Amino acid sequence: MTTVTTTFVLTDEIKKGLADGTYERVGGMIRETQTKRTVQWLREIVPSSMPGILSDIGSVASVLNLGVSIINLGVSVMGFQMVSDRLNHVEKQLQQTKEVLLKSNEQLAVKINLSFYANLRAAISLADFAFTMADPDNRKVFAAQAINRFLEAKEHYLAYADSAIESSSRAADKHLLTLFLACIAEARCHLELGEPTTASLCLQKGNIVLRPRLEKYINILLTTNPAAYLHPSLNEEIDLSRLTHVYKWLNPELNENSIFQEQRSNFFKIAQSNDQWVRSLPDAVIEYTQFKNNGALIYSKLPKVMEKMEAMIETYRRFEAYQSEVQAIAQLGISFQEWLQLKPAEPQPEGAKLMYIMLSESLKLISVN
């Protein structure tokens with residue numbers, strides 16, 4: 001029988017495994033690289049500040065390579081208030097995006113519709129209210145109403161995301177993030193109702209919708225010539241390993257050598273026709289460069305675009321880890337409330353921001369891919 005223990009300390013075995021590649025971190029879970037069996041989950045002790053990065057965790061951060069994401073490491077931390085806060089952040093970003101586009105590209109600006117955020121916020125408030133009720137029947141009724149609103153919101157933002165991706169708009173990432181949050185809120189409802197299997201199915205369906213669209217968005221940000229990210233002027237900011245990290249998410253079979261070989265001809269193309277590449281830049285990239293007619297300045301801004309790709313991939317990987325966490329709850333026969341209450345017996349060390357949920361033996365969980 002698999003048992004669960006918790007600690008505030010990352011064990012030497014896990015540190016060594018992460019360093020030598022025996023283990024890999026995928027969002028908030030640590031799993032065996034070869035078998036993909038999960039051995040551990042990470043959970044924030046204190047909810048992290050926007051946009052979702054854990055700061056000042058010393059050597060642990062360097063070992064885990066924690067990235068920036070708008071969602072937390074564990075689904076257990078993403079309560080309704082947390083989802084609401086993240087949603088408000090995305091909505092403000094989208095509002096700012098629309099205001100900028102109204103001055104430069106009115107055609108894209110008019111496609112940004114903020115009206116449905118009110119309905120999504122109402123759904124979150126309804127869900128939060130539902131689980132304060134003592135009567136189980138009332139909880140189910142109000143939770144069902146909230147879930148229906150989340151389903152409606154997902155349909156709306158799926159259409160918005162598709163439109164933004166089709167036009168390579170800078171609004172695409174905001175719509176995708178809204179979809180992530182709506183899926184998480186719906187799954188949280190099912191978890192609160194004691195239905196982890198249904199919550200897992202909800203996340204799995206969300207992945208089927210989100211993964212291909214995120215792939216399209218990442219390919220937009222890579223531009224028509226990804227070799228631009230290896231421009232000599234970016235030598236200190238973007239190396240081949242960072243570009244490889246992005247490509248391996250798109251296709252795990254790739255490695256640094258195959259990616260370098262793929263970019264060989266692109267180096268010559270961009271040197272010979274730099275102006276043509278600049279003219280081809282989509283709005284989603286121009287948002288970060290802001291200098292469409294100056295190639296040198298565009299290159300200097302590409303690290304910001306790389307950071308956006310990395311942040312979106314990290315968000316997806318945390319979403320992927322959410323399903324493994326929910327599957328484990330069902331597989332281990334632990335209620336969601338018991339899972340929330342897991343806490344190490346030892347005193348919390350000063351400055352500790354993470355706790356580790358460890359398994360006595362690794363679990364084989366269904367991949368969301």
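A short reminder: the numbers here are calculations on the coordinates, not readings from a lab. Just so we're clear, the structure is a prediction, and the values are computed from it rather than from any experiment. Using ideal geometry, Cβ is built from the backbone for each residue, glycine included, and neighbour counts are taken over all protein chains shown.
Among 39, 141, 326, 9, the order by Cβ neighbours within 10 angstrom, fewest to most, reads 141, 9, 39, 326. Label-to-label distance for residue 239 and residue 92 is 3.6 nm, based on points extended 7 Å past Cα in the beta-carbon direction.
In whole Å, what is the distance between the alpha-carbon centres of the range 175-242 and the range 90-162? That distance is 18 Å.
Taking loop as defined by DSSP and a crowding limit of 10 other beta carbons within 10 Å, which GluC sites (Glu not before Pro) in the range 183-279 fit? List each step's numbers first, then the result.
Values: sites: 186, 192, 215, 236, 237, 253, 256, 262; in loops: 236, 237, 253.
Sparse-neighbourhood loop GluC sites (Glu not before Pro): 236, 253.
Tell me which DSSP H helices of the chain clear both cut-offs, 18 Å or more of axial length from alpha-carbon atoms and a mean Kyte-Doolittle hydropathy of at least 0.0. Could you put the intermediate results ahead of the total?
On the way: long enough: 80-104 (36 Å, -0.69); 117-130 (20 Å, 0.74); 136-166 (44 Å, -0.45); 172-192 (30 Å, 0.60); 196-221 (35 Å, 0.12); 256-272 (24 Å, -0.90); 295-332 (55 Å, -0.16).
Span-like helices in the chain: 117-130, 172-192, 196-221.
Tell me the relative contact order for the chain as a rounded percent, counting alpha carbon contacts under 8 Å between residues six or more apart.
Over the chain, the number comes to 30 percent.
Return the lysines within reach of residue 103: Cα separation strictly under 17 angstrom, same-chain partners fewer than 8 residues apart disregarded; answer none if there are no such residues. In chain and number order, the partners are 111, 292. About its Cα centre, the chain has a charge dipole of approximately 640 debye under the convention of +1 per Lys or Arg Cβ and -1 per Asp or Glu Cβ, with nothing else charged.
Sorting the segments 219-225, 2-8, 312-318 by their residues' average number of neighbouring beta-carbon atoms within 10 angstrom, most packed first, yields 312-318, 219-225, 2-8.
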